[in-house]
Amino acid sequence: MKKNLSLYLLLLLLPLSLQGAERLRERVYLSTDRDVYVAGDRVWLSAWCLDAETGRLSAFSKTAYVEVHSPTGMVQTAKIALDGGRGAGFLTLPTTLPSGNYRLLAYTKLGASEQGFDPLSGVRTVSVFNTFSTERIEGGVTVVAQAPAAPAPVPASGSLHLEAGSAAPNGTTRIRLSNDGTESVSFSLSVRHDDGIPTPAGKHIADFVREIHNLPAARGFDGSVVPEYEGEIIRADVIGEEGVAGQVTDRYAFISSPGTGESVYSEAIDPDGTVTFFTSNIYGDREVFLEIEGLEAGQACHLELRSPFLNLPAGDIPALQLYAGWARELELRGLGMQLEKNFNADTLYAALPARVHRIFDERESKRYVLDDYTRFPVMEELFTEFIQGVRVRRMNGGRGIQVWQPDRTGKFYFLPGSALVLLDGIPVLDHGKILDYDPLLVKYIDIYADNYLFGARSFPGVVSFVTYKGTLPSMQFDSQVRIADFQGCALPLAYTCAGVGSDYPDYRQTLYWHPLLTLAPGESVELECKTPAYSGRFDVVAEGLDAGGEAVTARTTLNVR
């Protein structure tokens, strides 16, 4: 019997994990590709989740939450998938952000459940200049007559060694990295333009490590927080007339997003009218479908998602010092940001490995490509004429689709109950809708003849319809089905700019960014870096941790002239 067992085991092991939460205190640190941005820039992120008791990477939580705060509140968010305590992602600063300093807070739900949790333990401060308007954070910008001095550079620490030389514009150069120590190191690497605008004073990874070692004893934990050791736990509320939540208790709710079925989750509705979906992380900003199974006439209700972000206090954010002499530098930064948006080709990025939730193995399915057969205008005729192992029966006053199952002797039989029907990855719980669907829109059908568990709901087989467009064309869902915008975990990417060519007006401020580099003891590597169309001085900055939990920082200079 094939089942999606990971989330099922999560529920069984939950009491044990909560006991372990009393011993595990997580803190998250972020590194960024730069510390100075313009509104509209993409901020590249690398995350370290540490066990505060040992000072080493924590492999427990699988999701980190990032909040961007101004002095007046939260202005942007992101989620980062974690694997073994490390993760990568990005966020985009709104073009409407007023000029000022902002703080990036990062945490796991387990870490934030600690009583007295200090969200500033891993805080990062960045400066943002809006080159589209003169709007500034009220009381958050000070105009100065002289350019302020840059803060002292972070001293080098650890075993990492960097080498970079000189290169011409619109060319390539190589950066050599060596680990001269006896421990492996995990780090991020950034090559960014130093145009004289100073970075805001703030904490760096060495400060973070020192704080971890000096944390006071834990005062307790919020026992209602469920650790996210499989992925994000998504919560939703039943919305409807008073008393309707009690009428749908124990009915199954579904959350899904278009695809091939990898993002389908189901859980029972609790007596208080809430539902908790245990996921393995959903990637990317996308639409999700929310549905309650088996609603009866008169039960007018639907699901609405809760925000997972805690909107933590960001403390007193220092004012941004603004100097009129930076006009030319800010103009170049704004130009680079706009050009990158207009030439946002996939060749600028390199996809990094991601933990993917796989429900199905295509080898277990029987695929019917409909163009290989005589096309029929009625969906039910497909199952009658050439699709084997599926039948349509009258069930519960409607039509239901069943999949036959093999037994140990090789014989086949139909289990009672209906199979799960998917259209472009979205459950169609009313099978009459798919039987009335236009088969000419369907490219192929996959049949999975086994038992599958989606959260708490099991199905005797799955029938997956995939359309040519992959966007559920012409499907009409019931009024209780809600389509909501969902912010998933940012895709882990490296900004290598390998595809930058002569047709790209190259005014990049960040030339190279890799959030998840590792070097074994004694190992060396050379990375290729594309230089921009302009001359300047570029800082090559690495920061991270070695296997023992000690901070690693290194810096050198790349000259483009």
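Assorted remarks:
- Neighbour net charge for P505 - beta-carbon separation under 14 angstrom, K R +1, D E -1: 0
- The structure shown yields log10 I(q)/I(0) by the Debye sum over Cα atoms at q = 0.05, 0.06, 0.07, 0.09 Å⁻¹, and of the options [x] -0.57, -0.66, -0.75, -0.93; [y] -0.26, -0.37, -0.50, -0.79; [z] -0.20, -0.29, -0.40, -0.69 that calculated value carries the label [y].
- With kT/(6 pi eta Rh) evaluated at 37 °C and eta = 0.692 mPa s, and Rh the Kirkwood radius from Cα pairs, region 380-448 diffuses with a coefficient of 253 µm²/s according to Stokes-Einstein.
- Under 10 Å, Cβ to Cβ, from E211 - net charge with Lys/Arg +1 and Asp/Glu -1: +1
- Sequence-distant lysines (8 or more away, or on other chains) whose Cα lies within less than 22 Å of K530: K341
- Sorting K341, K433 by the number of Cβ atoms found within 10 Å of their own Cβ, with the fewest placed first, yields K341, K433.
- Dividing the summed -39500 (n - 2.57) terms of all DSSP H runs of n ≥ 4 by the residue count of the chain sets its mean residue ellipticity at 222 nm at -3000 deg cm²/dmol.
- The H on the amide N of Y283, modeled in the peptide plane, is under 5 Å from the matching H of C489, each at least 5 residues off or on a different chain.
- For the pair region 148-202 and region 226-301, the centres of their Cα atoms are 46 angstrom apart.
- Excluding same-chain neighbours fewer than eight residues apart, the aspartates and glutamates reachable from K62 by a Cα-Cα span under 17 Å are E26, D51, D83, E228, E230, E232.
- Two tests apply to each whole DSSP H helix in the chain, Cα reach of 18 Å or more along its axis and mean Kyte-Doolittle hydropathy of at least 0.0, and the ones passing both are 5-21.
- Listed by chain and number, the lysines whose alpha-carbon sits under 16 Å from that of K443, ignoring those within fewer than 8 places in the same chain, are K366, K469.
- At most 12 other Cβ within 10 Å, DSSP loop - GluC sites (Glu not before Pro), region 227-276: E241, E242
- Cα centroid separation, region 306-352 to region 495-561: 18 Å.
All of the numbers you see were taken from the coordinates with simple rules; none came from a lab. Predicted, not measured: the structure shown is a model, and the values here were computed from it. Positions of Cβ are generated from backbone atoms using ideal geometry, with glycine treated the same way; all protein chains shown enter the neighbour counts.
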